[in-house]
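The values are calculated or read from the model by the stated rules, or taken from the named source; none is laboratory data. For clarity, every value in this text was computed on a predicted model and none was experimentally measured. In this analysis, Cβ positions are derived from the backbone assuming ideal geometry, glycine residues included, and neighbour counts consider all displayed protein chains. Please note that ligands, DNA and RNA were not included when accessible areas were found on the heavy atoms of the full protein model with its side chains. Shrake-Rupley method; radii C 1.70, N 1.55, O 1.52, S 1.80 Å.
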Amino acid sequence: SKDAGGGVYHVYEPQLHVAAEERRVLEIALRNALQNDELHLNFQPVVNADTGGLTGFEALLRWTHPELGPISPAKFVPLAEDARLIAPIGEWVLRHACNEAAKWDDDVRVAVNVSPEQLHNPAFVAVVAQALAQSGITPNRLELEVTESVFMREGTGAVKVLEHILDLGCRLSLDDFGTGYSSLGYLSRTKFSSIKIDRSFVQGASKGVREAIAIIRAVVALAQSLGMATTAEGVETEEEHRMVQELGCTKVQGYYFGRPLPAHEALHLATRRKRG
Ligand code: C2E
Ligand code: CA
Ligand code: CA
Ligand code: CA
């Protein structure tokens, strides 16, 4: 009834207020996080699905606030996007990720997550070029992970930026594939090296969910015909690994192969001298 609806509204209002207040507190804290040195990167191994050999690492941003403790990127990245802080933070991530990769064997790649907001700014191309030049890594060792949502906005600004990034010699991968936008037209226009299949499909497939299996199969076939690799994300068990390998995924990433690691542990794995 209307009365019950009104009651529900009043019950939820204080929580909405708290959420808005928390947002404001976090936003102010985030503005200081960069200069206070509260950000760091973790690196999660990405491995060949068949051989288990290391192909690279995905850089994952971490924020530890002195009082609030660690705050998840799932929470603060969207906040940074809204507060127009993602450009300086993203620049910091790129620079640090490339500098770290410069210490690794030169067949180990680094993948960096890029927000749509960053790609809608033409100045981003220079940011990438500078991170490459400063670190000295070969451009094809840098893979930028973008999501389908980039193609949802009007205009071709982001597509142009992606083309310039390809011209620099970097790779692109399509993150969280299948969770967002449904048109596939952009796949024929922008040259991705790989498609990352979201953990929700991996989980579903290993539980025998027919739709999840069908989707992974279709994505693998599509990727193969377009000359792209497929990375299964969030592989947590041997069973999930077996499943995505059988379905033809070429690379895998997940807790089963390695958690996101501090830089010094990634460095150890990425140096063959120490590996062998
Ligand atoms: P993502 O790009 O899809 O990254 C994969 C997420 O899955 C990471 O969460 C990773 O820790 C988690 N993960 C890896 N393996 C497993 C697994 O086996 N099981 C499960 N359940 N999870 C696994 P994380 O580090 O919390 O990052 C969350 C999201 O935050 C990322 O999702 C990405 O969208 C965003 N993010 C992280 N770092 C950056 C960054 O530097 N820039 C931008 N723009 N976004 C970032
Ligand atoms: Ca990613
Ligand atoms: Ca992902
Ligand atoms: Ca995700």
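Some notes on this structure:
- Most mobile listed residue (L166, L222, L94) in the chain, GNM with C-alpha springs under 10 Å: L222
- Kirkwood Rh in Å, taken over region 187-259 so that all alpha-carbon pairs contribute: 12.1 Å
- Largest-first ellipsoid semi-axes for the chain, taking √(5λ) over the Cα gyration tensor eigenvalues, angstrom: 30, 26, 21
- Counting all C-alpha pairs of region 53-154, share separated by more than 21 Å (%): 37 percent
- With all protein chains in place and a 1.4 Å probe, the accessible surface of region 146-187 carries 51 percent carbon and sulfur.
- Highest-MSF residue in the chain out of G254, G52, G90 [GNM, Cα springs under 10 Å]: G52
- Loop chymotrypsin sites (Phe, Trp or Tyr not before Pro), region 79-185, which have at most 15 other Cβ atoms in a 10 Å radius of their Cβ (DSSP): Y181
- Whole-number accessible area per residue in Å² for region 30-131, which is evaluated in the context of all protein chains at 1.4 Å: 44 Å²
- Apolar share of the accessible surface for region 197-276: 53 percent from carbon plus sulfur atoms, 1.4 Å probe.
- Per the Debye calculation on region 219-276 with a single equal scatterer at every Cα and no solvent contribution, log₁₀ I(q)/I(0) for q = 0.24, 0.29 Å⁻¹ amounts to -0.92, -1.04.
- Extending 7 Å from Cα along the Cβ direction at E22 and again at E238 yields two label points whose distance is 3.9 nm.
- Straight-line cross-link reach from K196 at under 17 Å between alpha-carbon atoms covers these aspartates and glutamates, not counting any fewer than eight positions away in the same chain: D50, E58, E143, E145, E148, D175, D176, E233, E236, E240, E246.
- Of the beta bridges in the chain, as assigned by DSSP with both residues counted there, near 45 percent are antiparallel.
- Pairs of alpha carbons in region 132-276 whose separation is greater than 20 Å (percent): 55 percent
- DSSP bridge orientation in region 30-154 - percent antiparallel, rounded to nearest 5: 60 percent
- Charge dipole of the chain about the Cα centre (unit charges at C-beta), most positive-ward option of H40, G136, I213: G136
- Residues of region 168-276: accessible area per residue with a 1.4 Å probe, Å²: 50 Å²
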